[in-house]
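Before any comments, here is the structure.
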Amino acid sequence: MSELRNNKPEFRNINAFVDLPTYRLPPAGWVSILHRVSGAFMFLLLPFIIWLFDTSVSSEISFYRFVSAFNIGIGFIPGFIIKLISLGLIWAFLHHLIAGLRHLYMDATHSVTKEFGRSSAVFVLFLSIGLTLVLGAKLFGLY
């Protein structure tokens, strides 16, 4: 009986400073956490998003104010920071959309295997980052 006890795994409390830095989160875990982070980021910046939309469509004069916010800045915030915040919003939207579609697909088809979860999570990460790079290049005037 004592031999069986030695073969059982030992469970203990984790030490956040020792165990968490060495823990490797699988891609599906990263997508899940980033899905929540992107949703929270978009929610917190909703007033900025509404201001951007309102300023861009209200009138011709407000549209030029919208353009100057990206070129010159707003108050003490330089235009480069506005572009970085917008780039973060672009990533948040793309990641949240693609990860949400992944979750909907998995729920609709019951595709909940470990391999599909891993491959679809890697696909979500690469697609959201790739599209963000393409749109970021446009935002910063590279093409």
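Please treat every number below as a calculation from the coordinates, not as lab data. None of these values were measured; they are calculated from a predicted model. Neighbour counts are summed over all protein chains in view; Cβ atoms, including those assigned to glycine, are modelled from backbone coordinates with ideal geometry.
Details
- Stretchable slack from residue 123 to residue 14, in nm (0.36 nm times residue separation minus alpha-carbon distance): 36.1 nm
- Under a model in which nothing but the beta-carbon of Lys, Arg (+1) and Asp, Glu (-1) is charged, the stretch 26-139 shows a dipole of about 240 debye around its Cα centre.
- Straight-line reach from residue 138: taking Cα to Cα under 23 Å and skipping same-chain neighbours fewer than 8 places apart, the lysines in range are 83.
- Exposed-site-free run, longest, the chain (rule: trypsin sites (Lys or Arg not before Pro); DSSP loop; at most 11 other C-beta within 10 Å): 25-143
- Stretchable slack from residue 44 to residue 101, in nm (0.36 nm times residue separation minus alpha-carbon distance): 18.3 nm
- Kirkwood-Stokes translational diffusion coefficient of the stretch 26-139, alpha-carbon pairs, 25 °C, 0.890 mPa s, µm²/s: 157 µm²/s
- In the elastic network of the chain, a GNM with C-alpha springs shorter than 10 Å, the most mobile of 97, 46, 20 is 20.
- For the pair residue 113 and residue 23, label points projected 7 Å from Cα toward Cβ lie 2.8 nm apart.
- Cβ-Cβ FRET estimate between residue 32 and residue 53, R0 fixed at 30 Å, reported to 0.05: 0.55
- Value of relative contact order over the chain, rounded to a whole percent, pairs C-alpha under 8 Å and six or more apart: 28 percent
- Looking at the stretch 20-121, the chymotrypsin sites (Phe, Trp or Tyr not before Pro) that sit in a DSSP loop and have at most 11 other Cβ atoms within 10 Å of their own Cβ are 23, 76.
- Residue among 100, 75, 130 with the largest mean-square fluctuation in a Gaussian network model of the chain, springs linking Cα atoms under 10 Å: 75
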